[in-house]
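The values are calculated or read from the model by the stated rules, or taken from the named source; none is laboratory data. Computed from a prediction, not measured in an experiment: that's the story for all the values here. A quick note on method: Cβ atoms are made from the backbone with ideal geometry, for glycine too, and the neighbour counts reach across all protein chains shown. Side chains included, ligands, DNA and RNA excluded: accessible areas come from the protein's heavy atoms. Shrake-Rupley method; radii C 1.70, N 1.55, O 1.52, S 1.80 Å.
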Amino acid sequence: MKIEDGCNNRCTYCRVCIARGPAVSLAAEEILARVRSLETAGKAEVVLTGVNLSQYRDGLTDFPGLLAYLIRNTASIRFRISSYEPEKINEAFLSVFAEDRIQPHVHLAMQSGSDTVLRRMARPYTAERISEAVLALRRVRHDPFLAADIIAGFPGETDAEFEETFTLLAELDLAWIHAFPFSARPGTKAFDMKPKIPERIAGERVARLASLAERGKENYVERWKGREVSVILEHDTDSAEEDAEDSVADIKADHRGTSANYLKLSVAHLPPGTPAGTVLSATIQGPSSKAGIDAESDFVAF
Ligand code: SF4
C-alpha cells in the first residue's frame with residue numbers, strides 16, 4: 001500500500017526527488033480504513049511503501065506514530081516496511097518495531113559505508129550511525145532480516161573508500177545486499193561529478209558485493225535452520241492429497257510462502273485446499289538447492 005510519495009532530501013544522485021517533488025502523505029485515517037478493509041477481506045499482511053517512508057507525516061503523526069496507530073486499531077494483520085533510512089532508526093521507530101505485528105524485516109537505504117562517499121552523496125548519516133542502527137534493530141527483535149541498498153562506483157569512489165563500505169558490510173553480516181552500479185542521471189549534481197569510475201571497476205565492485213550478499217544470506221539461513229517461523233502461504237494449494245511420506249523433492253510448486261523474516265520458502269506437507277493467505281508455522285530446513293528442489297523459493301520448511 002503506497003502511503004507516501006516524494007522526498008524533501010536532495011541526494012546528489014537522485015532524480016526521484018526532482019521528478020516527484022516534496023514529500024506528501026496519505027491521511028492516517030484513510031490508511032487505517034484501507035488496512036481494515038484488507039483485514040476484513042482476510043489478508044494476512046500489508047506492505048507499506050513510499051518514496052521515503054521516514055518522511056511520512058500527517059499532522060503530528062510521523063511514520064512510527066502511524067504504525068502504532070494502525071496496530072492499536074486493527075486486530076491481526078501484519079505490517080511490512082518496504083525500506084527505511086538508517087538515520088531514522090530512532091527510539092520511536094524501535095519501540096514500534098518491537099511489536100510482534102511488525103514483520104522483522106528492514107531494508108536500509110544505506111548506499112555506502114564510507115563517510116566521505118556518503119558526504120558526496122549528501123546522505124545525512126555516517127558509517128557509525130549505520131552500525132548503531134543495525135545493532136539497535138537486532139536488540140529489539142531476534143535476528144531480523146536486515147538488508148541494504150548499495151551504490152558502487154559513485155563518482156570519485158576510491159579503492160580505499162569502497163573497501164570501507166565492503167568491510168562495514170562484512171562486519172554487519174546482513175541477510176541481503178542489493179548492490180548496483182552508479183548510473184548518472186541528468187539534472188542531478190552527481191551527473192557532472194568527477195572522476196567517473198570506469199564501468200569495469202564499478203562492475204567488479206558490484207560482483208564482490210553480490211558474493212558478500214550470497215554469503216550473508218547463507219549465514220542468515222544457517223542461523224535460522226531448525227527454528228520455527230511464521231509463514232504466509234502465497235497460493236491456494238490444490239485439492240490433491242500430498243503423501244506425508246513424500247520427500248522434500250516432492251514439494252508442490254504451489255506450496256510457496258514468505259516467512260515473517262522474509263525468506264521465500266517451499267512448505268512441505270500442507271493439507272490440500274489450504275487457501276492463499278493462510279498463516280502457518282514452519283521449521284526452516286535449509287536451501288532448496290541442497291534439497292534437490294528446483295523451486296522459485298530459496299528454502300525448504302516443514
Ligand atoms: S535517494 Fe531517497 S532520500 Fe535521497 S533524495 Fe532520493 S528519494 Fe530522497
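Hey, among Phe162, Phe154, which residue is over 18 Å from the mean Cα position of the chain (by Cα), crowded, with 19+ Cβ neighbours inside 10 Å and either under 20 Å from Cys7 (Cβ atoms) or without any contact (Cβ under 8 Å) to a residue 24 or more places away in the chain (or both)?
Step by step, each of Phe162, Phe154 is checked, and only Phe154 is over 18 Å from the mean Cα position of the chain (by Cα), crowded, with 19+ Cβ neighbours inside 10 Å and either under 20 Å from Cys7 (Cβ atoms) or without any contact (Cβ under 8 Å) to a residue 24 or more places away in the chain (or both).
Mind telling me which of the residues Glu30, Glu87, Glu4 ends up being of a type outside the set (Val, Ile, Thr), open to solvent by less than 10 Å² (accessible area, probe 1.4 Å) and modelled with pLDDT of 95 or more?
Answer to the check: Glu4.
Report every pair of residues separated by at least 6 positions or lying on different chains whose Cβ atoms are under 8 Å apart, first residue within segment 13-40 and assigned by TED's automatic domain parsing to the domain that holds Thr74, second part of a helix (DSSP H, G or I) and among the hydroxyl-bearing types (Ser, Thr, Tyr).
Short answer, once both residue conditions are applied: Ala28/Tyr69; Leu32/Tyr69.
If I filter segment 42-51 for residues that are free of Cβ contacts under 8 Å to residues at least 12 places away in the same chain and either assigned to a loop (DSSP other than H, G, I, E, B) or within 16 Å of the ligand (Cβ to nearest atom) (or both), do I get at least one hit?
The answer is no; no qualifying residue exists.
So which of Cys7, Cys11 is within 16 Å of the ligand (Cβ to nearest atom) and closer than 25 Å to Ala68 by Cα?
None of the others qualify; the one that does is Cys7.
Within segment 134-151, restricting attention to residues that are among the β-branched types (Val, Ile, Thr) and closer than 22 Å to Val229 by Cα, which residue is surrounded by the fewest Cβ atoms within 10 Å (Cβ to Cβ)?
Within segment 134-151, the match that is surrounded by the fewest Cβ atoms within 10 Å (Cβ to Cβ) is Val140.
Scan Ser131, Ser95 and give me the residue that is in a helix (DSSP H, G or I), farther than 21 Å from Phe180 by Cβ, open to solvent by 40 Å² or more (accessible area, probe 1.4 Å) and of a type outside the set (D, E, K, R).
So the residue among Ser131, Ser95 that is in a helix (DSSP H, G or I), farther than 21 Å from Phe180 by Cβ, open to solvent by 40 Å² or more (accessible area, probe 1.4 Å) and of a type outside the set (D, E, K, R) is Ser95.
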